[in-house]
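*Asks:* Questions regarding the structure given below will be posed in turn.
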Amino acid sequence: MNRSETLFEQAQQTIPGGVNSPVRAFKGVGGTPVFIDSADGAYLFDVDGKKYIDYVGSWGPMILGHNHPEIRKAVLAAVDKGLSFGAPTASEVEMADLVADILPCVDQVRMVNSGTEATMSALRLARGFTGRDKFIKFEGCYHGHADCLLVKAGSGMLTFGEPTSPGVPADFAKHTLTADYNKLDSVKELFESNKGEIAAIILEPVAGNMNCIPPVPGFLEGLRALCDEHGALLVIDEVMTGFRVSLTGAHGYYGVNPDLVCLGKVIGGGMPVGAFGGRRDVMEHLAPNGPVYQAGTLSGNPVAMAAGKAQLNLLQQEGVYDALTAKTEKLINGFKAMADKNGVPMTTNTVGGMFGFFFTTEAQVTNFEQVSACNMDHFKAFFHGMLEEGINLAPSAFEAGFLSLAHSDEDIDATIAAADRVLAKIATM
Ligand code: PMP
């Protein structure tokens, strides 16, 4: 047994499933998860000393590469002054100003500690502000694990939402309505059959939790118009896409303004950080000035703020997103070219620094149903083949991939060459 295998066995004694977040357990692809010892730039190093070119980037935050020297410096300087005060700091004011400067839709922002807290709190605020209980989410979008969000559509569009996890009361789930991503008509129907009852729509503006699915033209604009027509708030969950698809996130990229935006991942530079913000009149409904309660002992933590600010400052430099997009396109075009060369059906999607590949004969993949119908045997073989080659991809066909500015042309070329070898084997399956 190698050290990862030994650790995984040990981990399963004292950690449920051996992991602190389910997707890390390799359930979707089989095998033993790789235990990581350290990371630097585009690379991960596992506990057995193997090096990987990493396209997971801690699930999104490491947009500048791992262990960036300027972020590390900022964190160490903050650590020198103390780890947590539970009191206001200049650092969190600077962070709020920075976010409000970068995102025109943000008048005010509240820091939290995870993406889950950001979406859960934004929805509570939307419900408190509108005085309505119901909201609409989309099949295939993930917004963290709050009770109201672990819900799927009941059978038939007009039935109540059903919990996707034991422990979520059906009484909570029934307020969550589920529509089909990229299908505006499914949203219109829900508004018609729940007139005056819908507080908000929440969505991933580029879905990254069903692989990588960009919005079809008119979809985001249509949602904005429906919210305006029905007095609902548009909550755009940019936990994954914020400062990733472009500096101003996916809503900036597509030019559609949310009422509330949820942030996470990149905004924390690798520390546990989330945030939600938006319209002043809505945000002012939050405690302590307003009646909607939300709080956090460690929220706005000074070490986390230091990491986030350092990362956001670096991301504002000229040319960052052009470079990131070019790298991402080079990689995904390379995957596609190698799939074509080897006769393995593949379709790809990419926006900014996010990418997805699908083992399918469909020319375009735009919704969850299509993603679910992809060839999972091909995905598993590709994932494990690439891992063997020293390339770390997300261990699930339902997750987007991420590039960083630290990925060099040589890294990407080596990844494409590995893909060629792995796809050649898949072609014989
Ligand atoms: N929203 C989106 C779009 C996400 O991708 C995620 C996590 N992958 C979350 C919310 C939840 O964030 P966290 O895991 O930090 O709670």
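The values are calculated or read from the model by the stated rules, or taken from the named source; none is laboratory data. The model shown is predicted, which means the values in this text are computed figures rather than measured ones. So basically every Cβ, Gly included, is an ideal-geometry build from the backbone, and we count neighbours across all protein chains shown.
*Asks:* What single numbered condition from (1) at pLDDT below 95; (2) surrounded by fewer than 20 Cβ atoms within 10 Å (Cβ to Cβ) fails to hold for Lys188?
*Replies:* Failing condition for Lys188: (1).
*Asks:* Specify the residue that is nearest to the chain's Cα centre (by Cα); the eligible residues are those in region 151-204 that are among the basic types (Lys, Arg) and not in a loop (DSSP other than H, G, I, E, B).
*Replies:* Lys152
*Asks:* Moving on. Taking Met111, is it in the same structural domain as Leu233 (by TED's automatic domain parsing), within 16 Å of the ligand (Cβ to nearest atom), not in a helix (DSSP H, G or I) and not aromatic (Phe, Trp, Tyr)?
*Replies:* It is true that Met111 is in the same structural domain as Leu233 (by TED's automatic domain parsing), within 16 Å of the ligand (Cβ to nearest atom), not in a helix (DSSP H, G or I) and not aromatic (Phe, Trp, Tyr).
*Asks:* Condition test on Val109, is it crowded, with 21+ Cβ neighbours inside 10 Å and either under 16 Å from Leu263 (Cα atoms) or not acidic (Asp, Glu) (or both)?
*Replies:* Criteria met by Val109.
*Asks:* Among Arg127, Arg132, which is the only one that is assigned by TED's automatic domain parsing to the domain that holds Leu247, part of a loop (DSSP other than H, G, I, E, B) and crowded, with 18+ Cβ neighbours inside 10 Å?
*Replies:* So the residue among Arg127, Arg132 that is assigned by TED's automatic domain parsing to the domain that holds Leu247, part of a loop (DSSP other than H, G, I, E, B) and crowded, with 18+ Cβ neighbours inside 10 Å is Arg132.
*Asks:* Quick check on my filter: what residues within region 203-235 are of a type in the set (Val, Ile, Thr) and either modelled with pLDDT under 95 or more than 16 Å from the ligand (Cβ to nearest atom) (or both)?
*Replies:* Val216
*Asks:* Please determine, by comparing only the residues of region 237-246 that are crowded, with 24+ Cβ neighbours inside 10 Å and more than 11 Å from the ligand (Cβ to nearest atom), which one is farthest from Met111 (Cα to Cα).
*Replies:* Val245
*Asks:* Go through region 322-381 and report how many residues are more than 22 Å from Leu203 (Cβ to Cβ) and in contact with a Pro (Cβ under 8 Å, 6 or more places away or on another chain).
*Replies:* Here the count works out to 5.
*Asks:* I need a count of the residues in region 388-411 that are in a helix (DSSP H, G or I) and surrounded by fewer than 20 Cβ atoms within 10 Å (Cβ to Cβ).
*Replies:* 3
*Asks:* Right, next: Of the residues Gly249, Gly278, which is within 18 Å of Met95 (Cβ to Cβ), within 12 Å of the ligand (Cβ to nearest atom) and either in contact with an Asp or Glu (Cβ under 8 Å, 6 or more places away or on another chain) or not assigned by TED's automatic domain parsing to the domain that holds Ser186 (or both)?
*Replies:* Just one listed residue meets the conditions, Gly249.
*Asks:* Counting only residues that are surrounded by 20 or more Cβ atoms within 10 Å (Cβ to Cβ), assigned to a loop (DSSP other than H, G, I, E, B) and within 16 Å of the ligand (Cβ to nearest atom), how many does region 259-275 have?
*Replies:* Residues in region 259-275 being surrounded by 20 or more Cβ atoms within 10 Å (Cβ to Cβ), assigned to a loop (DSSP other than H, G, I, E, B) and within 16 Å of the ligand (Cβ to nearest atom): 2 in total.
*Asks:* Confirm whether Lys183 is closer than 30 Å to Phe243 by Cα and surrounded by fewer than 23 Cβ atoms within 10 Å (Cβ to Cβ).
*Replies:* Judged against the criteria, Lys183 is a match.
*Asks:* Determine which single condition Ala42 fails, assuming it passes every other condition in (1) under 23 Å from Asp377 (Cβ atoms); (2) buried (at least 19 other Cβ atoms within 10 Å of the Cβ).
*Replies:* Of the numbered conditions (1) under 23 Å from Asp377 (Cβ atoms); (2) buried (at least 19 other Cβ atoms within 10 Å of the Cβ), the odd one out for Ala42 is (1).
*Asks:* To continue, here is another question. Answer yes or no as to whether Cys141 is under 15 Å from Cys262 (Cβ atoms), modelled with pLDDT of 95 or more, part of a loop (DSSP other than H, G, I, E, B) and among the hydrophobic types (A, V, I, L, M, F, W, C).
*Replies:* yes
*Asks:* Could you grab me the full set of residues in region 228-241 that are in contact (Cβ under 8 Å) with a residue 40 or more places away in the chain and within 19 Å of Thr119 (Cβ to Cβ)?
*Replies:* Hits for region 228-241 are Ala232, Leu233, Val235, Asp237, Val239, Met240, Thr241.
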